[in-house]
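*Asks:* Pasting a structure here, questions to come.
Bear in mind these aren't lab numbers, they're just calculated from the coordinates by the rules spelled out. What you are looking at is a predicted structure, and each value in this text was computed from that prediction instead of being measured. Note: ideal-geometry Cβ built from the backbone for every residue, glycine included; neighbour counts use all protein chains shown.
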Amino acid sequence: MSAVTLDHDTHGEHHPSGLMRWITTTNHKDIGTLYLLFSLTMFFIGGAFAMGIRAELFKPGMQLMDPATFNELTTMHALIMIFGAIMPAFVGLANWMIPIMIGAPDMALPRMNNWSFWILPFAFTLLIGTAFLPGGGPAGGWTMYPPLMLQTGVAFPFVIFAVHMMGISSVMGAINIVVTILNLRAPKMTLLKMPLFVWTWFITAYLLIAVMPVLAGAVTMLLTDKYFGTSFFNAAGGGDPVMYQHIFWFFGHPEVYIMILPAFGIISEIIPAFSRKALFGYESMVYAVASIAFLSFIVWAHHMFTVGMPLAGELFFMFTTMLIAVPTGVKVFNWTATLWRGSITFETPMLFALAFLFLFTIGGFSGVACAMVPADFQYQDSYFVVAHFHYVLVTGAAFAIMAAAYYWLPKWTGHMYNEKLGKLHFWCSTIFVNVLFFPQHFLGMAGMPRRIPDYPVQFTDLNMLSSIGGFLFGASQLIFLYVIISCIRGGEKAPAKPWEGATGLEWHLPSPPPYHSWTTPPDKEVWEHPYRD
Amino acid sequence: MGFHTIKNAARAALFAALGGLAGTAHAGIPWNVPVGVTPISHEVYFIHMMVGIVCTLIGVVVFGVMIIALFRFRKSKGAQPAHFHHSTLLEILWTIVPVIILVAMAVPAAKTLVRMADTTDPDLNIKITGYQWKWQYDYIQNGFSFFSMLAPASDKAAQLGSGIDPNTVDNYLRDVDHPLVVPTGEKIRLLLTSDDVIHSWWMPDFGGKTDANPGFVNSMWIKVEEPGVYRGACAELCGRWHGFMPIVVVAKKPDDYLAWVKAMKAGGGKYVSPYDGSLEDTGSPVVFSDVSYNKVLGTPAGAVVPTGTTVSPAMASALANKPGSNVQPPASTPAAAAAQAWDMKTAMEKGKQVYAQNCSSCHQPDGKGNPEMGAKPIAGSPIANGPMLAHIQFVLKGKGIMPAWGNILNDTDLAAVITFERNSFGNHKGDLVKPSDVKAAR
Amino acid sequence: MSVDVTAEHDNSHYYVPHGSHWPIVGSIGLFTTLVGAALWLEDISAGHFIMPLGMLIILLMMFGWFGTVIRESLSGAYNEQVDRSFRWGMTWFIFSEVMFFAAFFGALFYARTFSLAWLGGQGKFLFTNLLLWRGFEAAWPTNGPAGIGGAFKAMEALGVPALNTAILLTSGLTVTIAHWALKAGNNRKTSLFLLFTVLLGFSFVCLQGMEYHHAYTAQNLTLGTGIYGSTFFMLTGFHGLHVTIGALMLCVMLGRSLKGHFTPNHHFAFEAVSWYWHFVDVVWLGLYIFVYWL
Ligand code: HEA
Ligand code: HEA
Ligand code: CUA
Ligand SMILES: [Cu+2]
């Protein structure tokens, strides 16, 4: 085993310093950092909007805002969280880790990598800026269904173009990841030798390339329907408003898996590391992710069970949707089997990964409940669905991102984070997130529709509980912020490999790694997994 | 005594057990999907509880194993890591078992779904049209229809900073001015559509919701088993007041229902309250048969309109009833209505109505506009006091947050509302806009 | 064996460029263009000059960025592995374009097979027809039950579209011949056949323009002609836009070929453009079959 050590960056003199360094950088780690910081910012902005939602819903009656403003908050909250927080966080992780994990010097197309990132701040300026236009920002929900979306005021074209920009950014980011994985792996690292995080991103990138353009198409049709007299979504002209929903969800469903597959990858790195045991069923993990990705293209209409599809359609989409529980189950079982007879410790990353294991599964169960069409006639557009997707998105995607942050922070910054505060953050988050979202299942079952700013009084208690959970969960994230900032600024020096059971190439580079990650491709002995055959 | 009976018995037992769990729902504590009052709602409840219980059981097993692992295999307890990393047998097992469980759940779900989809052969058809933000209930066989919107008490309390405690309002946000009235024990087909954006008609006690899409007619069926008052709400985001368009259905025994229908027809155009068995006159308007079947988003002039005043054979057979119920064709059609003379009085009256339905939410009932939203005042507006053609074109095409009403309203409504705007709120142009003017300006 | 990865002429290492300001210029350009377009759409006159300004910035970015890449390529900085990255990149970019068109084809198929049938009262949607659109019969082409846009004449498959099909197919052939010539090191032939391709490409665009003009003036067929006009113009319009872009890129390739930039085994840019051209060609076949013919 030949450790590759490069102690310093030999090209310091080429780099512009200060702000220009960050604006012009083509370095995957710099860009990864930019993505991660951007995502953190967006998480807080989107979260602040969510706090507005929860505050208005604290008790019945309109206290704080106009109903239209409330709808704007909901719409912006979702768009910012999805396109601004979760997706860029995953792309940031991919940027930082994939080249390192496969033994590459950088991403395959470094300049384009910079552009993928630098489109985002402009896109979100455009989106968030609409809130200040006369008539306010978009208020038709993140799904932007026509004809309602067509009633948006001046904000309309800005929102559409912001979505276009996010799409361009995502597609370029995804192409870069695919190319890097296909072309820059260390010699002899066949696809089935790649770490799972790389695998999940590989498949996610294909999903992105396949569906982001479809979203672009859908919103383009909205644009032409509003300004150029087309009739895509107008029955009078032979179109159909429901057609938009089909096109949107053809994007939208794969999109939700785009937000969970990289999370699966992260969990598949962390659980073995802290169980000190090889991942159980590596290959079936890969096949499971591939099947989920495939199935994600043929389940979209499960978001539309109540739109009045013909019976055959309802049945088809019910069956395919239920089927997704099978490969996802395989993953959950494999993680459990990895824990089994391991030697487990509970550092913060592991705690978040374990919370993911439990809480994502709960979100999956409510997903399967939604897939049962007769029951979905009750759940659809109710708070039950809100509970479902926050379990998979917050305690799924967001928790996995937090786990990844704790897992790799020592590598990124060269400092250990404050473990005590990390654990505090974990316990607060996990307890309060359940106070926040668990009651929403019952609200939905009892008949509370989603996207409403005010509600009948019998829903008061559960809403108050949920809001209190929300405020406390939000406040807990300030601990996260503090931990990250203090870890960047200093702390105990991190060794190359701070986690006893961790495997993978990233731990063979010093913390933080040199500017060009692997100037020489690492040898097989370095990355070959001891237990994998 | 075959397999079937055993299955039915098992089902009944499960029901009984679930009924116990659901008791709270009846006690008024909002915790669970209601069992409801239609055959479909019972089945939906069954599917809901089935999937809930199955998932809970799977959860108990899976989480159980995880928790055991987390306790037994801690490093702090001296656990040494094992070296296994796969087991074909296990992997096959945990692929097959979920498949079996899923198939077992899919079968009853599919059967229920088939029954839900069977909207044929109803005793009664009611057309429901969603508007921003109210419902229109059209008893197409009886020839009358009316609007149903949030009850005034709730509406008042729901205004920002109203100072009214919602807890003091009866049925806050769950009450409407004119409930839908249906007979019990009869199969009723609800025909759902919308006049503007998508809405969704959700009545938890009837087992679910169906979307009301503009330009299309969806159907769902109900058969209410018990008389009572049932409350639901619009479930699809439909704009600013989406949270404020509840649904109330009063189910009456067939005789009482017929009495109500009779009272409605005799009521001289007033909505008759169905409550308390006393069919009192509430003094609110009911539209008789002037149901415009064509008022859908984007119907411009020259659209296909129903011709003739009698029901076509296709319509008659589609509406075909079981013997004994009363089919009545719509008495008149928009074509007939349009033939009416067009004078200032008609235009102003109609215009007022159209304004209240479409414009007042932004421009306000007093025509003063809403600066916060960017809605300009109509009172004293240069457009409403300027040339007629420019005014028509502005309304047709829209601008900024002002929608292009040309896609939404028909010529008659537009002519009426523009006339109204030019001659109200202190504007005195005195001119009468004719539908043909609007048509020409398109 | 620790070697400087960025050593510009070392072919054994992957070229990692240092910072570049072109991406940020691109972002500013994109932002400016789209803000301008949005203002324009909302009838705010500032948009009329903001949008062209943004497009200028994008153009500047393209010149700068591609110029840098060309210089690096000519200086021999790109080894085979870098070349492979470009190839994969272009391949998946084209795939994403395919999916963009798929959205519009999807809309066409959905509207034709489902919406239209339902508006005509098929299956469970009987009442859609009876209550809302009585008298409307489902038949393609259509501008919907309300006849949005008024009576119109649909496109014919023969005539100009057939000619355009022939033109595009021929251009696919000429670009391939140019490629063969390039591989054989025959630079003059390459340039000549590239020229043919460019000319064919622009004639396609011109014919399409004439066809549009005829549609608007003589057939009363416009973007606002219900679902038929919407799908027809959006599909063929986006395709036409791609042909135009492709033809412009071919022009650039022609220029570079004349300057002798390409060698028999190092001409990624040429190949990328020719792939793009074939993609545009294939999309047209889909259009010809589903939009004009069936
Ligand atoms: C990360 C995002 C994510 C993920 C992973 C999922 C996962 C799933 N989702 Fe979810 N979903 C959303 C995000 C996500 N969803 C969002 C955002 C919405 C709302 C959008 C909107 O309207 O705004 C939504 C809405 C939504 C609906 C529409 C509800 C409605 O509007 O009426 C449905 C319906 O079928 C559904 C189903 C599923 C299913 C079956 C899964 C499955 O993948 C879950 C599979 C996992 C498990 C089942 C758990 C583990 C498995 C086992 C332990 C094996 C054994 C289990 C069984 C045999 C049951 N989802
Ligand atoms: C993608 C991920 C994602 C994430 C991470 C979240 C996170 C949260 N969401 Fe969100 N949500 C969506 C995606 C997401 N959501 C989507 C897709 C919808 C559907 C939208 C639609 O219907 O169109 C939705 C809708 C939605 C609703 C329903 C709104 C409605 O129907 O009207 C609610 C209501 O409670 C809600 C709440 C929350 C809360 C409390 C959080 C919390 O987890 C947020 C926690 C984070 C913070 C709070 C930020 C950090 C802290 C500070 C800013 C400091 C200040 C702190 C305090 C003041 C306490 N969300
Ligand atoms: Cu009507 Cu929501
Ligand atoms: Cu989905």
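*Asks:* Starting from the Cα of B:His42, step 7 Å toward the Cβ, then list every residue of segment B:242-271 with an amide N under 19 Å from that point.
*Replies:* Within reach of a label on B:His42, which here means backbone N under 19 Å from a point 7 Å along Cα→Cβ, segment B:242-271 contributes B:251-254.
*Asks:* Something else: Under a Cβ-Cβ cut-off of 13 Å, what is the net charge of the residues other than A:Pro439 that fall near it, where Lys and Arg count +1 and Asp and Glu count -1? Walk me through the intermediate numbers first.
*Replies:* On the way: positive: A:Arg54; negative: A:Asp461.
With Lys, Arg at +1 and Asp, Glu at -1, the net is 0.
*Asks:* In addition: Using a simple spin-label model with points 7 Å from Cα along the Cα→Cβ vector, what separation in nm is obtained for C:Phe63 and C:Thr170?
*Replies:* Here the modelled spin labels are 3.4 nm apart.
*Asks:* With each pseudo-label sitting 7 Å past Cα toward Cβ, what's the B:His83-B:Asp431 distance in nm, one decimal?
*Replies:* 9.5
*Asks:* To the nearest 500 deg cm²/dmol, what mean residue ellipticity at 222 nm is calculated for chain A from DSSP H runs of n ≥ 4 alone, each contributing -39,500 (n - 2.57), summed and divided by the residues?
*Replies:* On the way: 19 runs with 337 residues, N = 533.
Result for chain A: -21500 deg cm²/dmol, rounded to the nearest 500.
*Asks:* If you take every DSSP beta bridge whose two residues both sit in the protein assembly as shown, what share of them, in percent to the nearest 5, is antiparallel? Don't skip to the answer; put the middle values down first.
*Replies:* Numbers: 39 of 52 bridges.
That works out to approximately 75 percent antiparallel.
*Asks:* Let me know the mean shielding of A:153-160 by other chains, meaning the per-residue number of their Cβ atoms within 10 Å of its Cβ.
*Replies:* Values: counts 10, 10, 4, 5, 9, 7, 1, 4.
If you average over the peptide's residues, the count of other-chain Cβ atoms is 6.
*Asks:* Then there's this: Once you average over the residues of B:110-122, how many Cβ atoms of partner chains fall within 10 Å of each Cβ? Don't skip to the answer; put the middle values down first.
*Replies:* Details: counts 8, 1, 5, 9, 3, 1, 5, 8, 1, 2, 1, 0, 0.
The per-residue average across the peptide is 3.
*Asks:* For segment A:420-522, what is the largest minus smallest coordinate of the Cα atoms on each principal axis, given in angstrom and ordered from greatest to least?
*Replies:* Taking the Cα atoms of segment A:420-522, the three principal extents are 65, 28, 25 Å.
*Asks:* Can you give me the long-range amide H partners of B:Ser200? Hydrogens built in the peptide plane at 1.01 Å from N, cutoff under 5 Å, separation of 5 or more residues or another chain.
*Replies:* Result for B:Ser200 returns B:Ala212, B:Ala235, B:Glu236.
*Asks:* Turning to a different aspect of this structure: Shape of segment A:58-138 from its Cα gyration tensor (a ≥ b ≥ c, root eigenvalues): rounded if a/c is under 1.5, otherwise prolate when a/b > b/c, or oblate? Don't jump to the answer; show the numbers that get you there.
*Replies:* Values: a/c = 6.72, a/b = 2.42, b/c = 2.78.
Oblate, because a/c is 1.5 or more while a/b does not exceed b/c.
*Asks:* Additional query: Give the Rg/Rh ratio for segment B:355-399, taking Rg as the radius of gyration of the Cα atoms and Rh as the Kirkwood radius, to two decimals.
*Replies:* Values: Rg = 10.4 Å, Rh = 10.8 Å.
Dividing the radius of gyration by the Kirkwood radius yields 0.96.
*Asks:* With the crude spin-label approximation of a point 7 Å out along Cα→Cβ, what separation in nm comes out for A:Phe132 versus B:Val103?
*Replies:* Between A:Phe132 and B:Val103, the simple spin-label model gives 6.1 nm.
*Asks:* How high is the relative contact order of chain A, given as a whole-number percent (alpha carbon pairs under 8 Å, six or more residues apart)? Mind showing how you got there, number by number?
*Replies:* Values: 865 pairs, mean separation 101.2, N = 533.
Normalised by residue count, the contact order of chain A is 19 percent.
*Asks:* At q = 0.10, 0.11, 0.14, 0.19 Å⁻¹, what log₁₀ I(q)/I(0) does segment A:49-204 have when each alpha carbon counts as one equal point scatterer in the Debye sum?
*Replies:* -0.48, -0.55, -0.76, -1.06
*Asks:* Can you pull the Rg over Rh of segment B:220-263, Cα-only, Kirkwood? Intermediate results must be reported in sequence, preceding the final value.
*Replies:* Working: Rg = 13.9 Å, Rh = 12.5 Å.
So for segment B:220-263, dividing Rg by the Kirkwood Rh gives 1.11.
*Asks:* Scan around A:His415 for amide H atoms under 5 Å from its own, H built in the peptide plane at 1.01 Å from N, and keep only partners 5 or more places away or cross-chain.
*Replies:* Close amide H contacts, sequence-distant or interchain: A:Ala494.
*Asks:* Counting pairs of alpha carbon atoms under 8 Å apart in space and at least six apart in sequence, what relative contact order in percent does chain C give?
*Replies:* 16
*Asks:* State the volume of the convex hull built on the alpha-carbon positions of segment C:82-185, expressed per residue in Å³ and rounded to an integer. Spell out each step's value before the answer.
*Replies:* Values: hull volume 16.2 nm³, N = 104.
In segment C:82-185, the Cα hull volume divided by residue count equals 156 Å³.
*Asks:* Continuing with this model, one more query. In segment C:132-265, what is the volume of the convex hull around the alpha carbon atoms, normalised per residue and reported in Å³? Could you put the intermediate results ahead of the total?
*Replies:* Numbers: hull volume 14.9 nm³, N = 134.
Per-residue hull volume (Cα only) is 112 Å³.
*Asks:* Let me ask something else about it. With r as the distance between the Cβ atoms of C:Val160 and C:Asp43 and R0 = 35 Å, compute the FRET efficiency 1/(1 + (r/R0)^6) and round to 0.05. Display every interim value, and only then the final one.
*Replies:* Details: r = 35 Å, r/R0 = 0.99.
Efficiency at R0 = 35 Å is approximately 0.50.
*Asks:* Pop the C-beta distance of B:Thr120 and C:Phe109 into the FRET formula with R0 = 25 Å and round what comes out to the nearest 0.05. The partial results should precede the final answer.
*Replies:* Details: r = 29 Å, r/R0 = 1.16.
Efficiency, from the Cβ-Cβ distance: 0.30.
*Asks:* Averaged over all directions, how much area does the convex hull of the C-alpha atoms of chain C cover when projected, in nm²? Don't skip to the answer; put the middle values down first.
*Replies:* Numbers: hull surface 80.6 nm².
Computed as one quarter of the Cα hull surface, the answer is 20.2 nm².
*Asks:* Across segment A:70-84, in residue order, what do the Karplus-derived ³J(HN,Hα) couplings come to in whole Hz, using 6.51 cos²θ - 1.76 cosθ + 1.60 with θ = phi - 60° and x for Gly and Pro?
*Replies:* 4, 4, 5, 4, 4, 5, 5, 3, 5, 4, 5, 5, 6, 8, x
*Asks:* Using the Karplus curve 6.51 cos²θ - 1.76 cosθ + 1.60 with θ = phi - 60°, work out ³J(HN,Hα) for each residue of segment A:437-451 in order, rounded to whole Hz, and write x for Gly and Pro.
*Replies:* The phi angles translate into 9, 4, x, 5, 4, 6, 4, x, 4, 7, x, 8, x, 7, 6 Hz.
*Asks:* Follow-up question, since we're still on this one. Cα-based Rg (one decimal) and Dmax (whole number) for segment B:157-234, in Å?
*Replies:* For segment B:157-234, the Cα radius of gyration and maximum Cα-Cα distance read 15.2, 44 Å.
*Asks:* Which order do peptides A:500-508, B:71-79 fall in by mean Cβ count within 10 Å, highest first? Please report the intermediate quantities before stating the final value.
*Replies:* Numbers: A:500-508: 19.6, B:71-79: 13.7.
Highest mean packing first, the order is A:500-508, B:71-79.
*Asks:* Please list the three semi-axes, largest first and in whole Å, of the ellipsoid equivalent to segment A:92-151, using sqrt of 5 times the eigenvalues of its alpha carbon gyration tensor. Provide the component values of the computation, followed by the final result.
*Replies:* Numbers: eigenvalues 272, 37, 15 Å².
In descending order, the three semi-axes are 37, 14, 9 Å.
*Asks:* So, by mean Cβ neighbours within 10 angstrom, what's the order for A:431-443, A:19-31, A:246-258 with the highest one leading?
*Replies:* My ranking of the peptides, most packed first, is A:246-258, A:431-443, A:19-31.
*Asks:* Can you give the three extents of the C-alpha atoms in segment A:171-261 along their principal axes, from longest to shortest, in whole Å?
*Replies:* Ordered largest first, segment A:171-261 gives principal extents of 60, 21, 16 Å.
*Asks:* Using a cut-off of under 13 Å, list every residue of segment A:406-440 whose amide N is near the label point 7 Å from the Cα of A:Tyr482 along the Cα-to-beta-carbon line.
*Replies:* A:418-426, A:428
*Asks:* Mind ordering A:465-473, A:139-147 by average Cβ neighbours within 10 Å, highest first?
*Replies:* Values: A:465-473: 19.7, A:139-147: 23.0.
Output ranking for A:465-473, A:139-147: A:139-147, A:465-473.
*Asks:* Return the equivalent ellipsoid semi-axes of segment C:14-64 as a descending list in whole Å, where each equals the square root of 5 times an eigenvalue of the C-alpha gyration tensor. Intermediate results must be reported in sequence, preceding the final value.
*Replies:* On the way: eigenvalues 162, 16, 7 Å².
Each semi-axis is the square root of five times an eigenvalue, giving 28, 9, 6 Å.
*Asks:* Apply the a/c threshold of 1.5 to the C-alpha gyration tensor of the protein assembly as shown and tell me whether it is rounded, prolate or oblate.
*Replies:* Numbers: a/c = 1.90, a/b = 1.30, b/c = 1.46.
In terms of gyration-tensor shape, oblate.
*Asks:* On to the next question. Once you have a ≥ b ≥ c as the square roots of the Cα gyration tensor eigenvalues for chain A, tell me rounded if a/c is under 1.5, and otherwise prolate or oblate according to whether a/b is larger than b/c. Can you show the working numbers first?
*Replies:* Working: a/c = 1.56, a/b = 1.46, b/c = 1.07.
Taking the square roots of the gyration eigenvalues as a ≥ b ≥ c, chain A is prolate.
*Asks:* If you don't mind, another one. Taking each residue of B:60-71 in turn, how many C-beta atoms of other protein chains fall within 10 Å of its C-beta, and what is the average?
*Replies:* Numbers: counts 0, 0, 8, 5, 0, 5, 9, 1, 3, 9, 7, 1.
That works out to 4 on average.
*Asks:* I would also like to ask the following. Based only on Cα atoms, what mean projected area does the convex hull of segment B:63-141 have, in nm²?
*Replies:* Values: hull surface 49.0 nm².
Mean shadow area of the hull around the Cα atoms is 12.3 nm².
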